[in-house]
1. Return the residue satisfying two criteria in turn: it lies in the range 180-205 and is under 12 Å from the mean Cα position of the chain (by Cα) and β-branched (Val, Ile, Thr), and of such residues it is nearest to residue 116 (Cα to Cα).
2. Being out of contact with any Cys (no Cβ under 7 Å at 6 or more places or on another chain), farther than 20 Å from residue 129 by Cβ and either hydrophobic (A, V, I, L, M, F, W, C) or assigned to a loop (DSSP other than H, G, I, E, B) (or both) is the requirement here; does residue 201 meet it?
3. What's the number of the only condition in (1) part of a strand (DSSP E or B); (2) open to solvent by less than 70 Å² (accessible area, probe 1.4 Å); (3) out of contact with any Pro (no Cβ under 6 Å at 6 or more places or on another chain) that residue 162 fails to meet?
4. Please state which of the following conditions residue 151 fails to meet, knowing it meets all the rest: (1) out of contact with any Phe, Trp or Tyr (no Cβ under 9 Å at 6 or more places or on another chain); (2) of a type in the set (S, T, N, Q); (3) touching a residue at least 60 places away in the same chain (Cβ under 8 Å).
5. Could you grab the pairs with beta carbons closer than 8 Å, sequence gap of 6+ or different chains, first residue in the range 49-78 and under 30 Å from residue 128 (Cβ atoms) and acidic (Asp, Glu), second one modelled with pLDDT under 95 and in a loop (DSSP other than H, G, I, E, B)?
6. Just a yes or no: is a residue in the range 187-200 open to solvent by less than 30 Å² (accessible area, probe 1.4 Å), touching a residue at least 24 places away in the same chain (Cβ under 8 Å) and closer than 26 Å to residue 49 by Cα?
7. Does any residue in the range 170-182 that is free of Cβ contacts under 8 Å to residues at least 60 places away in the same chain and closer than 11 Å to residue 120 by Cα come within less than 9 Å, Cβ to Cβ, of a residue that is among the basic types (Lys, Arg) and part of a strand (DSSP E or B) six or more places away or on a different chain, and which pairs are these?
8. Give the residue, chosen from 53, 65, that is in contact with a Pro (Cβ under 8 Å, 6 or more places away or on another chain), under 30 Å from residue 175 (Cβ atoms) and at pLDDT 95 or above.
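The values are calculated or read from the model by the stated rules, or taken from the named source; none is laboratory data. In this text, all values refer to a predicted model and were calculated from it rather than measured experimentally. Neighbour counts are summed over all protein chains in view; Cβ atoms, including those assigned to glycine, are modelled from backbone coordinates with ideal geometry. With ligands, DNA and RNA removed, areas are computed over all heavy atoms of the protein, side chains included. Shrake-Rupley method; radii C 1.70, N 1.55, O 1.52, S 1.80 Å.
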Amino acid sequence: MDTVRLPLPFPFRRDGLGSFLGRLLMGVIAMNAFAAETVNFDSASAGALPEGWAAGVTGRGAPRWAVERDASAPSKPNVLKQSGSGTFPWCVLTHASIENGFVEVKMKPLAGKEDQAGGVVWRWKDGDNYYVARANALEDNVSLYYTENGSRKTIKYVDAPVPRDAWHTLRVEFSGRRIRVILDGVARIEVEDAHLAGAGAVGVWTKADSVTLFDDFSYGAIAAK
């Protein structure tokens, strides 16, 4: 895994009190910059989950998460693939515990009659409680949800191009109540939401019969002083 420095996560207004608070918060974040790690799955054994990850499903089904070799992988040779089915399959990095920071992944939707989706989760407490943002090639949109007690609730969704059989970069930045969802370098959703607070794990997610590839999973927290 590689450690890199990333830019500040949120833009701030530059008028009045908002300007002062924005400059103050940017100064705090600048002093406590993101320390990011990236998992590219290339050292993992094909046919199994990568070490330190756990998989399951919110609801019912039989998801299948496994590392596979793929010639199109952004960082060759391996990807993480979900090829089973379930209500909401998930796969999380269990040792990560982040309250404020970011999560990012490259994803490639391949197939699915009911759905062709891929997403990221954060503040994951367990298989029934977490935030999720996803991009859907079947519907050409990006959505933000919170899942509480096993029930997924929509916060916001917007139309966006998500071509199938192509790699996309999905990134979410979160700090306190603020959430920003970015697809392929374009900010698609910026909202405030307070349904899930505190630290949690991060990971990836699919829906229904989506067959989706993931690579270059990155995450980072705002470092403590």
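1. The initial filter retains those residues of the range 180-205 that are under 12 Å from the mean Cα position of the chain (by Cα), namely 180-183, 201-205.
Now drop any that are not β-branched (Val, Ile, Thr), which leaves 181-182, 202, 204.
Details: 181: 18, 182: 18, 202: 21, 204: 14 Å.
This residue is 204.
2. no
3. Of everything listed in (1) part of a strand (DSSP E or B); (2) open to solvent by less than 70 Å² (accessible area, probe 1.4 Å); (3) out of contact with any Pro (no Cβ under 6 Å at 6 or more places or on another chain), residue 162 misses just condition (1).
4. (3)
5. If the second residue must be modelled with pLDDT under 95 and in a loop (DSSP other than H, G, I, E, B), the pairs left are 51/44; 68/46; 68/47.
6. Yes; the residues of the range 187-200 include at least one that is open to solvent by less than 30 Å² (accessible area, probe 1.4 Å), touching a residue at least 24 places away in the same chain (Cβ under 8 Å) and closer than 26 Å to residue 49 by Cα.
7. So the pair list comes out as 181/156; 181/171; 181/188.
8. Working: 53 fails: in contact with a Pro (Cβ under 8 Å, 6 or more places away or on another chain).
On inspection, the qualifying residue turns out to be 65.
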